[in-house]
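Enquirer: Got a structure here, written out as structure tokens. Questions coming.
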Amino acid sequence: MATLIRGKLSNKLSNAATAVSNKSQAKVSGMFARMGFQAATDEEALGFAACDDLDYDHRQGMQMDILTSDETGGEASGDGEALDGDSHYQRDGTGPSPSASKDGGSTNELSEVRPKITAWEAGWNVTNAIQGMFVLGLPYAILHGGYLGLFLIIFAAVVCCYTGKILISCLYEEDEDGQLVRVRDSYVDIANACCAPRFPSLGGHVVNVAQIIELVMTCILYVVVSGNLMYNSFPNMPISQKSWAIIATVALLPCAFLKNLKAVSKFSLLCTLAHFIINILVIAYCLSRARDWAWDKVKFYIDVKKFPISIGIIVFSYTSQIFLPSLEGNMQKPSEFHCMMNWTHIAACILKGLFALVAYLTWADATKEVITDNLPPGIRAVVNLFLVAKALLSYPLPFFAAVEVLEKSFFQDGGRAFFPDCYGGDGRLKSWGLTLRCSLVVFTLLMAIYVPHFALLMGLTGSLTGAGLCFLLPSLFHLKLLWRKLLWHQVFFDVAIFVIGGICSISGFIHSMEGLIEAFKYNIEE
């Protein structure tokens with residue numbers, strides 16, 4: 001009897017210690033979530049999400065919510081409530097009301113620190129992502145694709161809208177009551193779930209590599225377009241395009257010392273508005289020359305060698321899937337996500353199609369890689385200066401995200417990190433961390449110098465990572481995770497998108513690489 005009593009007391013003490021340990025971990029996680037989440041939310045308002053960081057903070061915030069529920073609900077449930085904490089996050093945005101404070105108040109501190117965004121704000125984020133300054137390359141895609149290029153602008157909008165929706169559906173599973181519950185938080189979580197149990201982290205590594213490539217290539221494109229625009233704005237100055245790229249990179253070196261993006265947030269938002277105004281000005285100029293439009297130049301035939309590059313350009317202009325899980329997870333009403341995707345992609349399709357068509361009709365075979373280079377000298381200089389300012393102020397966003405992914409993967413991954421932490425105990429950046437950042441800036445400069453071709457780089461990025469993240473992976477993940485619940489036409493769509501995306505990706509990648517290798521050899525010989 002004494003042994004039995006001792007055993008029961010030992011079990012109770014062990015369970016109590018485990019519960020206290022779990023709650024202590026949740027408190028620490030919640031504390032970090034409270035301190036770090038607001039900055040990420042501020043940056044997301046610009047149409048940018050540092051994907052994995054935002055998702056990680058969201059998960060930590062959920063742990064804090066579970067802790068609050070435990071404290072108000074009593075100790076009787078122990079650590080059992082933590083097991084079903086994710087079920088509080090329902091697809092329709094409903095669930096238990098925010099936890100009341102201990103003093104009887106109804107204010108939820110976590111909701112104050114982590115405000116949700118409306119469907120309109122989410123739509124603004126997506127619009128910024130898919131209607132940025134890379135729209136300037138779409139008329140060049142029409143040059144080599146004709147009416148088929150216009151069809152691809154529409155087709156890419158439909159497919160990217162669909163794959164964005166099915167990617168979000170992979171975040172949810174049905175519980176015992178048949179309700180959809182969010183069990184995953186990020187693109188990486190979906191990829192890891194598809195590769196489990198044999199390779200539980202392989203999918204996440206693939207997505208992270210694709211993300212890093214896309215972010216770094218975006219930085220390179222900003223440097224290339226800055227050099228190109230400045231060179232064509234002041235052609236009489238004895239400064240080459242490479243020299244302009246170097247000058248732009250010198251202005252970007254302070255990015256290596258950035259600890260957050262608050263310093264450039266407001267300027268980036270203003271530049272985004274300025275970019276919309278510039279698009280309107282370009283369209284207005286084209287409409288003023290409507291009498292001279294060359295309708296006979298728009299053909300149904302395609303340039304077999306250059307059209308695959310155009311496919312990459314079009315796909316790259318629609319890439320937004322990488323941060324959609326974060327965006328949907330921070331919406332006040334996640335049930336409005338589908339509607340938001342519909343109207344943002346319909347608007348993007350119409351605006352991109354009109355912009356590309358009227359610009360090509362205005363300049364026809366003389367259409368350049370960056371359409372503003374076709375404007376008259378006086379207008380061109382003003383418009384290009386605004387675009388250069390936008391490019392330079394937009395550069396820190398993908399640069400900062402790429403640095404954070406690299407630091408987390410190689411320097412901050414707990415005991416599995418390859419190198420020591422980039423930050424000291426006082427939060428200061430160490431020498432090797434600064435070297436990593438400076439090296440990344442210099443690498444973008446070298447690529448911009450030796451391959452200063454906006455269309456080729458954009459086509460390569462769209463074919464390699466754009467098609468992968470927007471076409472191939474979402475359809476593959478959807479089939480893998482939800483194939484038992486899919487209707488036959490959904491399976492057909494997923495397979496068709498995977499096959500078409502694969503063909504476009506391979507052909508675009510091959511042709512883009514051929515062009516880049518030739519350009520690289522030419523610049524080396526010079």
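The values are calculated or read from the model by the stated rules, or taken from the named source; none is laboratory data. What you see is a predicted model, and the numbers here were worked out from it, not measured in a lab. Please note: Cβ atoms are built from the backbone with ideal geometry, for glycine as well, and neighbour counts cover all protein chains shown. All accessible areas refer to the heavy atoms of the entire protein, side chains included, with ligands and DNA or RNA removed. Shrake-Rupley method; radii C 1.70, N 1.55, O 1.52, S 1.80 Å.
Enquirer: Taking 7 Å along the Cα-to-C-beta vector as the label spot, tell me the Lys259-Asn236 distance in nanometres, rounded to one decimal.
Expert: Result for the modelled spin labels: 4.8 nm.
Enquirer: Taking region 221-335 as the region of interest, what is the percent of Cα-Cα pairs per 10 angstrom bin, listed from the shortest bin to the one with the maximum distance?
Expert: For region 221-335, the binned pair fractions read 9, 19, 37, 24, 10, 1 percent.
Enquirer: Over the Cα atoms, compute the radius of gyration (one decimal) and Dmax (the largest Cα-Cα distance, rounded to a whole number) for region 104-220, in Å.
Expert: Spelled out, the Cα radius of gyration and Dmax of region 104-220 are 19.4, 67 Å.
Enquirer: Shifting gears a bit: Given a Förster distance of 51 angstrom, what is the FRET efficiency for Trp483 paired with Arg291, based on the Cβ-Cβ distance and rounded to 0.05?
Expert: 0.40
Enquirer: Scaled to the compact-protein estimate 2.2 N^0.38 Å, what is the alpha-carbon radius of gyration of region 193-237, rounded to two decimal places?
Expert: 2.04
Enquirer: Roll a 1.4 Å probe over the protein chains and send me the accessible area per residue for region 144-301 in Å².
Expert: For region 144-301, the solvent-accessible area averages 50 Å² per residue.
Enquirer: Identify the trypsin sites (Lys or Arg not before Pro) of region 146-236 meeting these criteria: DSSP loop state and at most 11 other C-beta atoms within 10 Å of the C-beta.
Expert: Arg198
Enquirer: What is the ratio of the Cα radius of gyration of region 269-330 to 2.2 N^0.38 Å, where N is its residue count, to two decimals?
Expert: 1.66
Enquirer: Please give the per residue volume of the convex hull enclosing the alpha carbon atoms of region 293-380, rounded to a whole number of Å³.
Expert: Hull volume normalised by residue count: 146 Å³.
Enquirer: Obtain the nm distance between the two label points defined at Lys299 and Val442 by a simple spin-label model: each point lies 7 Å from its Cα along the Cα-to-C-beta direction.
Expert: That separation, rounded to one decimal, is 4.7 nm.
Enquirer: Right, next: Can you give the FRET efficiency for Ala284 and Ile350, using 1/(1 + (r/R0)^6), R0 = 22 Å, r = Cβ-Cβ distance, to the nearest 0.05?
Expert: It comes out at approximately 0.85.
Enquirer: Moving on to the next point. Which whole-number value in Å² is the accessible area per residue of region 449-526, probe 1.4 Å?
Expert: 51
Enquirer: So what is the diffusion coefficient of region 301-350 in µm² per second by Stokes-Einstein at 25 °C and 0.890 mPa s, using a Kirkwood Rh over Cα pairs?
Expert: Approximately 187 µm²/s, per Stokes-Einstein.
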